[in-house]
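Worksheet: the structure to be examined is printed underneath.
The values are calculated or read from the model by the stated rules, or taken from the named source; none is laboratory data. This one's a predicted model, so the numbers in the text were calculated from it and none came from an experiment. Cβ coordinates were reconstructed from backbone atoms using ideal geometry, including for glycine residues, and neighbour counts include every protein chain displayed.
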Amino acid sequence: MTTIVSLSRRRFLGCAGVASATFLTGCSTQGIGTFFEPVVNAIVPKTYDGEQPDPAVIYAARTDEGFSLPAIPYKNIPQRFYRQRVIDPTGEAPGTVVVDTKARYLYLVEKGGTAMRYGVSIGKDGFAWQGEGVIQWRKKWPRWTPPDEMVARQPKLARYSIGNGGQAPGITNPLGARALYIFQNGQDTLYRLHGNPDWRSIGKAQSSGCVRFINQDIIDLYDRVPEGARIVVRQ
């Protein structure tokens, strides 16, 4: 059974900015904390004997919504973090999104006992969140707007402040190609699943609470997960 944990907005302001009608967010990838090596899997994935995505294809350069995404040098990433189909280790219903923060995996549970697994970067120690929620809203190529609290900690981000309109969408935007917005009990958790221009962060704890993907992977997840999907975040 998953414990539902109440949220503190103050704790997660480093990840998401203002929850306004435009849902501007502020997950930061700049100057946040240190890198941590991946630890032993919290959920041990089993093997899958069927056809797997070809990393040379799924991580190739591509154009998306008018933006040019560079190829990912996937051979420099541990193979366990490649997008791949596995036997579902979560026990959750099909359509559920499960984040295993300890192993640095996100699973999308499928029918038939399998799950699509993605390697991710998770929030640094002190910013991580756990609990259940729903994907309330989704956005292609979102604008990044760090909240005032984050700008106060990192003055160099002032040019992207709420007052200055944030950072325009693009391949250097910290939210990357897609963002999925997580709500709990009708309230914005300020917790996001989003793209990431820095593939080197995958498998590590670096962000201010959000779950970050290779851009090619968050596009794939976005196309598979509808608004209203249930999400479970396990520590």
Of the criteria (1) at pLDDT below 95; (2) surrounded by 13 or more Cβ atoms within 10 Å (Cβ to Cβ); (3) not in a loop (DSSP other than H, G, I, E, B), which one residue 10 fails: (2)
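Among 145, 172, which is the only one that is among the polar types (S, T, N, Q) and touching a Leu at 6+ places or on another chain (Cβ under 6 Å)?
Working: 172 fails: touching a Leu at 6+ places or on another chain (Cβ under 6 Å).
Going through 145, 172 in turn, the sole match is 145.
Pick from region 54-97 the residues that are outside any strand (DSSP E or B) and among the small types (Gly, Ala, Ser): which of them is farthest from residue 192 (Cα to Cα)?
If we filter region 54-97 for residues that are outside any strand (DSSP E or B), which is where we start, we get 54-61, 65-66, 70-83, 88-96.
With the extra rule that they be among the small types (Gly, Ala, Ser), the set shrinks to 56, 60-61, 66, 71, 91, 93, 95.
Working: 56: 27, 60: 25, 61: 25, 66: 23, 71: 24, 91: 23, 93: 21, 95: 18 Å.
That would be 56.
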Go through the residues of region 211-226 one by one and say whether even a single one is under 20 Å from residue 94 (Cα atoms), assigned to a loop (DSSP other than H, G, I, E, B) and modelled with pLDDT of 90 or more. yes
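Residue-by-condition table, conditions (1) crowded, with 20+ Cβ neighbours inside 10 Å; (2) hydroxyl-bearing (Ser, Thr, Tyr); (3) in contact with an Asp or Glu (Cβ under 9 Å, 6 or more places away or on another chain); (4) not in a loop (DSSP other than H, G, I, E, B):
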position: 99; (1), (2), (3), (4): yes, no, no, yes
position: 134; (1), (2), (3), (4): no, no, yes, yes
position: 165; (1), (2), (3), (4): no, no, no, no
position: 171; (1), (2), (3), (4): no, no, no, no
position: 176; (1), (2), (3), (4): yes, no, no, no
Can you tell me which residue in region 101-110 is surrounded by the fewest Cβ atoms within 10 Å (Cβ to Cβ), limited to those that are touching a strand residue (DSSP E or B) at 6+ places or on another chain (Cβ under 7 Å) and charged (D, E, K, R)? 110
Hey, residue 171 of a type in the set (Val, Ile, Thr) and farther than 24 Å from residue 105 by Cβ or not: yes
Determine, yes or no, whether residue 182 is outside any loop (DSSP other than H, G, I, E, B) and either buried (at least 24 other Cβ atoms within 10 Å of the Cβ) or not charged (D, E, K, R) (or both). yes
